[in-house]
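J.: Sharing a structure, written as structure tokens. Questions coming.
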Amino acid sequence: MEALLPTLVRDRTTHTIYSFHCIHNLEPYIVIQGIIIQPVCMTQSLEYRKPCVCFPQHQQRTYDYVLVADKVEDQEHPKFLKQVAFIDHLRKKNMKVTKIVHVDKVFYGVRAPKEIFDKYRYLLKVSDSCNWSGDRKCGRIPHSTRIRVVHYILHHTHINTGENLRELQEKGVFEATFCLHEVQKKPISLIICIPDYLFNFEGQCRMSFSWSYFGEKVALYYLWLGWYTILLVPAAILGVIVFLYALAFFNTSPLIKEVCESDTVMCPRCDKWCQVWQLRDTCTYAKVSHLFDNEGTVAFAMFMAVWATIFLELWKRHKAMFVSKWNVFDWCEEEEELILGVVNDPDCHPKEFRHSYLRSTLVLVLVTLMLVLIIGLTQALVVFRVVAAVVLSEGTWEFVRDHANTVAVMLGAVLHYITMQVMTRVNKTVAFKLCEIEKTQSMTATERSFTVKMFTFQFFTLFSSLIYVAFFLGRINGRPGSYVRIFGKWRLEECHPSGCLTDLFIQMAVIMLLKQTLNNIFEFIVPWFKSKFRRNTTKKLERKSGDCNKNACREEEKRGHDPCDICKLHDWLRNYDLNDVNFFSLFNEFLEMVLQFSFTTIFVAAFPLAPLLALINNIFEIRLDAIKMVSLERRLVPKKTNNIGIWTKVLEAIGVLAVIANGLVIGVSSDFIPRLVYRYHYGPCANGEDNVHCMKGYINDTLSTAQITDLNVRKDFFPSQLITGSGFNVTQCSYKDYRNDVDYSLTSQFWLIMAVRFAFVVLFEHVVVIFKCIAAWFVPDSPMLVKNDRLKDKLCRLKEELQQSTDV
């Protein structure tokens, strides 16, 4: 066996020499502010080196966890008795507990003995999936591992009444529980450390900070977010090119020219107050519609569908390199949970796998009811837009009255955003209750189940309204003389003659801008204000605690002794005044970004600038998340994992939905297919005319005529609505549809377009799916370097085990 060899390293920034100990001979290759050093462990084979994490001796925390409770004077009070009972149970497990009473608070510092971690490391060594971890190799247990083990023990310690720490907190026995930030790990340069890493993959400091300090789970979140942000760059550039392409032909498009110069009289768009109007009045609307409904969006939608697959495949490769470097390639969270259970209680019994058809059926029914409720809210938004359009058209403001439908769509989008914020809280509560009904086998399984349910609820909350606008708006509203009405009173909304895609664009733009901008503001400003308020209170408590000789305390701490109570209390108070964190802290960040990924890919055909908005948002999001996590919130419990969990499956499902949705948007929602059919079957070029643009007459071709002399048509309009602005009574008006002018039956052109739409959707989806499959096959999940390194490492470990057995 290789002996313990100390290694001295000089910190180039602070010029301080630190001593490290590791089982293997160490060769450090980077030192950043004396915080984390990642050396390489030398084996007998000089061709292969594996990373091993070790820590400066003087940076080990005195306490792993802190519990805070209100001071109770009455020693017979149930809260006091439960506090004492819980602390006694911890001491029975040989946990060191230090009690400090300050003003009206009681602080308990908890530190686990060395024996607990010896058991943990031994069980890692003999486990099936966790034996490759670096935690079992280093001479000193990393503080992140200490926190994770102690966190599990604290939350799985029960007092005589059967209550655990979570239940005691809910009943006010303990006010707060938290692990401590490392003082040396919070200079301002490290606040910038995480986000800068995402744009500079050579930054060893940045990788080590996010990995060792907050654990692999947080590290993988930033790693994924950084990779996603980087790959958004080509998508954003192409989206801007598509937008500029449409802008280049802004003034030369024959379709825009036809709308702007048209003398066609259109039927009233609403009841009572809307009058007939000239098609040329919507010239601006037609120009905006052309920016997002052109030939370039088809190619861009195909690109984004393939991009989603390439992004995921490249992410798997990128992740494999880092989890291999972090020695968690084969890590199994559920197996570690078993190990922690044995460490906490050697006589524990595993929570067995169970399946109940009754519970599964109940969960399925409740999920269905919840989705029905969410879809019902979407229909309520539809009714709101219809009613709002009627009310606005009867208003006194001329501009609002003339653009009632557009304003109603924007108001609907704002109301949709408010609904999303309210339903987010409802969805979270319902998802948790459903997980309790399921009775999952482990915390990891509960997290997976909760993630799937929460994402499903949020997806329907966000996208139900968009699905209606994309695929139903303007297609089920009827025609003059036979309008479809809500409760027989209000007409359904209509699409603009230039197409329905602009309504979808407005809805997406408002939701994305509001959601991203307001979320970032509230996510940072609210914790900042809370932290400021709590900090002022804590400073008063710190002043009351007194002062000590800090230099003497530091010297004692370097020698391995505890600092004085005043120094400990100051440190604990600084962590206490930070905002609380929980399971949702990281989950919310993931959920926000995955939903943004959905917006960026699923309806991107209607909004090519979505990747650009996502890119701009992420540049700020990364930095704000990092600053919030380091400076404004308590330290997250470091979790060890080797992937982003069920989110990978969710992203793959989004990639499939993106193909289906974009194919339907182009084939059904946009006017790409009608324009294509007109160009090659009904237009001037199809009839052999020369020196004429092939799309001339397209707008008039998409319009049908309603005769006012028809009694059914006359019933839908008041006489005052059929008078033009110049005072002429109209005898006919036009509307967007393919119908016969005599009996209003659908024309053969309508059925031809419908057939081509169906054929295009099938062809588009099959072609894109083939490209996605080729891309997934072409890009291996793991680089060959990672596979070869792991192969060599396994060989080295087998040789070491054989050598140890022969020595014994």
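The values are calculated or read from the model by the stated rules, or taken from the named source; none is laboratory data. Computed from a predicted structure; not experimentally measured. Because the Cβ atoms are built from the backbone with ideal geometry, glycine has one as well, and the counts that use them run over all protein chains shown. In case anyone asks, the SASA skips ligands and DNA or RNA and just uses the protein heavy atoms, side chains included. Shrake-Rupley method; radii C 1.70, N 1.55, O 1.52, S 1.80 Å.
J.: Tally time: how many residues in the range 645-678 are within 30 Å of L578 (Cβ to Cβ) and surrounded by 20 or more Cβ atoms within 10 Å (Cβ to Cβ)?
T.: Adding up the residues that qualify gives 1.
J.: Determine the pairs where a residue that is open to solvent by 10 Å² or more (accessible area, probe 1.4 Å), located within the range 297-313, has a partner that is assigned to a helix (DSSP H, G or I) and among the aromatic types (F, W, Y) with Cβ atoms under 7 Å apart, the partner being 6 or more residues away or on another chain.
T.: Correct list of pairs: V298/F672; V306/F771.
J.: What number of residues in the range 70-103 are within 17 Å of D565 (Cα to Cα) and at pLDDT 85 or above?
T.: Selection size over the range 70-103: 6.
J.: Which one of these does E335 not meet: (1) assigned to a helix (DSSP H, G or I); (2) touching a helix residue (DSSP H, G or I) at 6+ places or on another chain (Cβ under 9 Å); (3) closer than 18 Å to V149 by Cβ; (4) not hydrophobic (A, V, I, L, M, F, W, C)?
T.: (2)
J.: Kindly check whether there is at least one residue in the range 291-305 that is over 30 Å from T600 (Cα atoms) and modelled with pLDDT under 85.
T.: Within the range 291-305, not a single residue is over 30 Å from T600 (Cα atoms) and modelled with pLDDT under 85.
J.: Sticking with this structure for a sec: Can you spot a residue in the range 776-785 that is free of Cβ contacts under 8 Å to residues at least 60 places away in the same chain and either surrounded by 12 or more Cβ atoms within 10 Å (Cβ to Cβ) or of a type in the set (S, T, Y) (or both)?
T.: For the range 776-785, residues free of Cβ contacts under 8 Å to residues at least 60 places away in the same chain and either surrounded by 12 or more Cβ atoms within 10 Å (Cβ to Cβ) or of a type in the set (S, T, Y) (or both): absent.
One line per residue, one yes/no per condition, for (1) farther than 30 Å from W490 by Cβ; (2) open to solvent by 30 Å² or more (accessible area, probe 1.4 Å):
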| site | (1), (2) |
| --- | --- |
| Y680 | yes, yes |
| E689 | yes, yes |
| I699 | no, no |
| T702 | no, no |
| I708 | no, no |
| L711 | no, yes |
| K715 | no, yes |
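J.: In the set N582, N588, which member is closer than 30 Å to A69 by Cα and modelled with pLDDT of 85 or more?
T.: N588
J.: For the range 423-475, what are the residues that are open to solvent by 50 Å² or more (accessible area, probe 1.4 Å) and under 30 Å from H349 (Cβ atoms)?
T.: Within the range 423-475, F432, K433, E436, E438, K439, M443, R448, V452 meet the criteria.
J.: Which one of the conditions (1) open to solvent by 20 Å² or more (accessible area, probe 1.4 Å); (2) in a helix (DSSP H, G or I); (3) modelled with pLDDT of 70 or more does I147 fail to meet, given that it meets all the rest?
T.: Condition (1) is where I147 drops out.
J.: Something else: Kindly check whether there is at least one residue in the range 242-255 that is outside any helix (DSSP H, G or I), surrounded by 20 or more Cβ atoms within 10 Å (Cβ to Cβ) and either modelled with pLDDT under 85 or not hydrophobic (A, V, I, L, M, F, W, C) (or both).
T.: no
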